[in-house]
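Colleague: Here it is: the structure, laid out below.
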Amino acid sequence: MKKGLFITFEGADGCGKTTQLNLLKDYLISKGFDVVITREPGGKGLGEKVREILLNYDGVVSDRCESFLFLADRAQNIDIIVNPAVEQGKIVLCDRHTDSTVAYQGYGRGLDITEINMLNNLATHNKKPDLTLVFDVDIETSMQRVGQNKDRMESAGKEFFNRVRNGYLELAKQEPQRIKVINSTKSIEEVFENVKEIINSYII
Ligand code: TMP
């Protein structure tokens, strides 16, 4: 593998993606790969400040304002973290990316998906992930995993999360080459076996 890889992890809250991302990071490092992890919203520096607003601000946030904050964070993540690392041949594992905005702000909040796609392209300069893993769980399981201590996004309700989940499944149907859906109701170990099966075909 000469050039770097950009792999994104997606799914509704409580789907287990962050646990799998960390397992994959350790696995890839043990195989000798240079790995960078990042997340949206977040990453580092300014991105973490935007995350704090998005998840914890307790006043009114319009749906469009929410979208633009996610997109601003995305531009920063792509410019400062993702692109430089991929250009150096590293494997970047990113916890959420463009598909989150389509699933949450598009399918979840009901904003226009064509517009979101345009804005996503602006924020990323048209860079696309090489691979996206969607961790799929039923809403009951994901809500149970989230627990009682919910942030602003996690408090959006069951109907919202049903739309988000269906949004991800719809996206996977539209782009089966890039987006792989993994059944994430199974044990952490079983899910990770599926992750490895998919990843191995990219890194060998
Ligand atoms: P998490 O990645 O730690 O689960 O939290 C991020 C929250 O932000 C999660 O509820 C999904 C939400 N989100 C969006 O609504 N749109 C986005 O574009 C992104 C990146 C995240």
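The values are calculated or read from the model by the stated rules, or taken from the named source; none is laboratory data. Nothing here was measured: the structure is a model prediction, and the numbers come from that model. Counting neighbours? That spans all protein chains shown, and the Cβs are built from the backbone with ideal geometry, glycine included. Accessible surface areas use protein heavy atoms only, side chains included; no ligands, DNA or RNA. Shrake-Rupley method; radii C 1.70, N 1.55, O 1.52, S 1.80 Å.
Colleague: Of the residues I7, I53, I29, only one is part of a helix (DSSP H, G or I) and either open to solvent by less than 60 Å² (accessible area, probe 1.4 Å) or under 17 Å from D151 (Cβ atoms) (or both); which?
Modeller: Being part of a helix (DSSP H, G or I) and either open to solvent by less than 60 Å² (accessible area, probe 1.4 Å) or under 17 Å from D151 (Cβ atoms) (or both) holds for just one of I7, I53, I29, which is I53.
Colleague: Still on this structure: Looking only at segment 62-77, count how many residues are hydrophobic (A, V, I, L, M, F, W, C) and within 10 Å of the ligand (Cβ to nearest atom).
Modeller: Matching residues across segment 62-77 total 3.
Each row is one residue, and each column tells you yes or no for (1) under 17 Å from V195 (Cα atoms); (2) of a type in the set (S, T, N, Q).
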| residue | (1), (2) |
| --- | --- |
| T8 | yes, yes |
| Q20 | yes, yes |
| D26 | yes, no |
| S30 | yes, yes |
| A72 | no, no |
| I81 | no, no |
| P84 | no, no |
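Colleague: In addition: Determine which single condition E140 fails, assuming it passes every other condition in (1) modelled with pLDDT under 95; (2) over 17 Å from G110 (Cβ atoms); (3) surrounded by 14 or more Cβ atoms within 10 Å (Cβ to Cβ).
Modeller: Every listed condition holds for E140 apart from (3).
Colleague: Now a separate question. Looking at G59, is it in contact (Cβ under 8 Å) with a residue 60 or more places away in the chain and more than 9 Å from the ligand (Cβ to nearest atom)?
Modeller: No.
Colleague: Another question about this same structure. Restricting to segment 143-166, what's the tally of residues that are in contact (Cβ under 8 Å) with a residue 24 or more places away in the chain and open to solvent by less than 70 Å² (accessible area, probe 1.4 Å)?
Modeller: The number of residues fulfilling the criteria is 11.
Colleague: Sticking with this structure for a sec: What is the one condition in (1) in a helix (DSSP H, G or I); (2) open to solvent by less than 60 Å² (accessible area, probe 1.4 Å); (3) within 9 Å of the ligand (Cβ to nearest atom) that P84 does not satisfy?
Modeller: If we test P84 against (1) in a helix (DSSP H, G or I); (2) open to solvent by less than 60 Å² (accessible area, probe 1.4 Å); (3) within 9 Å of the ligand (Cβ to nearest atom), just (3) comes out false.
Colleague: State whether one or more residues within segment 148-156 are more than 16 Å from G11 (Cα to Cα), touching a Phe, Trp or Tyr at 6+ places or on another chain (Cβ under 8 Å) and either at pLDDT 95 or above or not in a helix (DSSP H, G or I) (or both).
Modeller: Within segment 148-156, one or more residues are more than 16 Å from G11 (Cα to Cα), touching a Phe, Trp or Tyr at 6+ places or on another chain (Cβ under 8 Å) and either at pLDDT 95 or above or not in a helix (DSSP H, G or I) (or both).
Colleague: Only one of (1) loosely packed, with under 14 Cβ neighbours inside 10 Å; (2) in contact with a helix residue (DSSP H, G or I) (Cβ under 7 Å, 6 or more places away or on another chain); (3) closer than 28 Å to L28 by Cβ fails for P176. Which number is that?
Modeller: It is condition (2) that P176 fails.
Colleague: Also, I was wondering about something else. Of the residues that make up segment 188-204, is at least one open to solvent by 70 Å² or more (accessible area, probe 1.4 Å), away from the ligand (no atom under 12 Å from the Cβ) and touching a strand residue (DSSP E or B) at 6+ places or on another chain (Cβ under 7 Å)?
Modeller: Within segment 188-204 (the criterion being open to solvent by 70 Å² or more (accessible area, probe 1.4 Å), away from the ligand (no atom under 12 Å from the Cβ) and touching a strand residue (DSSP E or B) at 6+ places or on another chain (Cβ under 7 Å)), the answer is yes, since at least one residue qualifies.
Colleague: Would you be able to say whether some residue in segment 34-45 is in contact (Cβ under 8 Å) with a residue 60 or more places away in the chain and within 26 Å of E190 (Cβ to Cβ)?
Modeller: Within segment 34-45, none of the residues are in contact (Cβ under 8 Å) with a residue 60 or more places away in the chain and within 26 Å of E190 (Cβ to Cβ).
Colleague: If you don't mind, there's one more thing I want to ask. Kindly establish whether T98 is modelled with pLDDT of 95 or more and under 16 Å from the mean Cα position of the chain (by Cα).
Modeller: In short, yes.
Colleague: Would segment 40-53 turn up any residue that is at pLDDT 95 or above, more than 9 Å from the ligand (Cβ to nearest atom) and within 17 Å of H125 (Cα to Cα)?
Modeller: No: zero hits.
Colleague: Tell me, yes or no, whether segment 59-66 has at least one residue that is touching a helix residue (DSSP H, G or I) at 6+ places or on another chain (Cβ under 9 Å) and farther than 23 Å from N149 by Cβ.
Modeller: yes
Colleague: Evaluate segment 133-140: report whether one residue or more is within 11 Å of the ligand (Cβ to nearest atom) and either of a type in the set (S, T, N, Q) or in a helix (DSSP H, G or I) (or both).
Modeller: No, the conditions are met nowhere in segment 133-140.
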